[in-house]
Amino acid sequence: MSVRLQKELEKIKRQILSLGALVEERVRLATKAIETKDENLAEEIRRRDYEIDELEMEVEEACLKILALHQPVAVDLRFLVAVIKINNELERIGDEAVNVAKRVRSIARGEGVNISRDYYSLMAEKTTTMLKGSLDALVNQDRKLAVKIMKLDNQVDSIHSRNYDDLKEVIRKNPGRVDDLINFLTISRHLERIADHATNICQEVIFMIEGEIVRHGRWEQIL
């Protein structure tokens, strides 16, 4: 590997880690906005989404430039392919954080619905744990941690399913508040999607480390 290629790969590594840190911060702010129903915080998350988008484009452009100019092979090629996919997953997590923020704004502006924190607090905790763990697995190239984090996805799915069933019952008892209640259900769905993206990041980490594709159910064979 040339010295120039090594430097450019190191730069990309720093960029993807910076993007990961930025996305993790936004998800934590989004979960805080859910708990506090802070409309100003929700608006800040929405307004600053461009920062994630811009960094995502920078990472992709840098990866494509290296592919075009250096034509890397083996480990380096695998690294770039994985980074491009992880980059996309992180940008989509940022979008989900914005979607949560939009729902929080709607809730804050509504008449108020008494919903137990149980509908989102445990799910938010599990989701943020998965995101942090997936990024730690990326930083440390830790296959065991990646597998451990993927196992949590079923727990998040179960919580979302329970939220769906419970909120359906609340809606039946409060048919005039359907619009407000749907916001809580949608927040649950967005958090569930963040967990899915964290799982996808872990799958790419395994590919980066071992060259093994574990998408589309194949990852269950390694658990």
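The values are calculated or read from the model by the stated rules, or taken from the named source; none is laboratory data. As the structure is a computational prediction, the values presented were derived from the model and not from experiment. No Cβ is skipped: glycine too gets one built from the backbone with ideal geometry, and neighbour counts run over all protein chains shown. When the accessible area is computed, the model is the full protein with side chains, heavy atoms only, and any ligands, DNA or RNA have been set aside. Shrake-Rupley method; radii C 1.70, N 1.55, O 1.52, S 1.80 Å.
Descriptive notes on the structure:
- Taking each residue of the stretch 4-33 that is over 14 Å from Arg46 (Cα atoms) and looking for partners that are open to solvent by 10 Å² or more (accessible area, probe 1.4 Å) and assigned to a helix (DSSP H, G or I) with beta-carbon atoms closer than 6 Å, six or more apart or interchain, yields Leu5/His70; Ile12/Ala62; Leu19/Leu55; Gly20/Leu135.
- Scan of the stretch 108-137 for residues that are open to solvent by 50 Å² or more (accessible area, probe 1.4 Å) and modelled with pLDDT under 65, ordered by number: Glu111, Asn114, Ser116, Arg117, Asp118
- Residue count, the stretch 53-83 (criterion: in contact with an Asp or Glu (Cβ under 6 Å, 6 or more places away or on another chain) and within 24 Å of Gly133 (Cα to Cα)): 2
- Any chance Leu181 is at pLDDT 90 or above, open to solvent by less than 40 Å² (accessible area, probe 1.4 Å) and in contact with a helix residue (DSSP H, G or I) (Cβ under 9 Å, 6 or more places away or on another chain): no
- The lone criterion from (1) of a type in the set (A, V, I, L, M, F, W, C); (2) in a helix (DSSP H, G or I); (3) at pLDDT below 95 left unmet by Ile93 is number (3).
- Some residue of the stretch 49-58 being in contact (Cβ under 8 Å) with a residue 60 or more places away in the chain, in a helix (DSSP H, G or I) and surrounded by 20 or more Cβ atoms within 10 Å (Cβ to Cβ): no
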